[in-house]
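Note sheet for the following structure.
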Amino acid sequence: QVQLAESGGGLVQAGGSLRLSCAASGRTFMSYTVGWFRQAAGKEREFVAAIGWGGGTTYYADSVKGRFTISRDNAKNTVHLQMNSLKPEDRAVYSCAAAWKLNIATDPSEYNYWGQGTQVTVSS
């Protein structure tokens, strides 16, 4: 099993940046694919970005491509989501999720483990 904890959310002005972190427990974290998802108030959860368990594959939603970067540090059991050029529509609760040796997936049902989420608010 793996436990996930997000951090780094907060309030930022449009055009600003935030760096989210997803810290994981467990000695085999490098074997987990990790995804970031977000859910805005009154909307369904949506895929943001994912990084493969090998670390070499990344995938982004079109809405964040070119602005967000996902990376992982297996030595520190951490995945980061660098968010630049933030827009008011990026406002949401951001959650990380993990699944054992999963091929990159955008469907949240493919992921077994979830953090509790961190709020990102972007003011216009």
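Readers should treat all values here as calculations from the given coordinates under stated rules, not as data from a laboratory. Quantities reported herein were computed from a predicted structural model and do not represent experimental measurements. Cβ sites come from the backbone with ideal geometry, for glycine too, and all protein chains shown count toward neighbours.
Place a +1 charge on the Cβ of each Lys and Arg in the chain and a -1 charge on the Cβ of each Asp and Glu, then give the dipole magnitude about the Cα centre in debye, rounded to the nearest 20. Don't jump to the answer; show the numbers that get you there.
Numbers: 12 positive and 9 negative charges, 51 e Å.
The dipole of the chain has a size of about 240 debye.
On a full-extension model of 0.36 nm per residue, what is the gain between Ser7 and Thr121, subtracting their alpha-carbon distance, rounded to one decimal in nm? Display every interim value, and only then the final one.
On the way: separation 114, 0.36 × 114 = 41.04 nm, distance 1.36 nm.
Stretched out fully, the Ser7 to Thr121 stretch lengthens by 39.7 nm.
Calculate how many DSSP beta bridges within the chain are antiparallel, expressed in % of all such bridges and rounded to the nearest 5. Please report the intermediate quantities before stating the final value.
Details: 37 of 41 bridges.
Here the share of antiparallel DSSP bridges comes out near 90 percent.
What are the chymotrypsin sites (Phe, Trp or Tyr not before Pro) within segment 39-69 that DSSP puts in a loop, where the Cβ has at most 14 other Cβ atoms within 10 Å? All intermediate terms of the calculation are to be shown ahead of the outcome.
Details: sites: Phe47, Trp53, Tyr59, Tyr60, Phe68; in loops: Trp53.
Here no chymotrypsin sites (Phe, Trp or Tyr not before Pro) fit, given the DSSP loop and packing criteria.
Cα to Cα, under 15 Å, and not fewer than 8 places away if on the same chain: which aspartates and glutamates meet these conditions relative to Lys87?
Output for Lys87: Asp62.
Specify which residue in the list Gly55, Phe37, Ala14 is farthest towards the positive end of the charge dipole of the chain, using unit charges on the beta carbon of Lys, Arg (+1) and Asp, Glu (-1), about the Cα centre.
Of the options given, the answer is Gly55.
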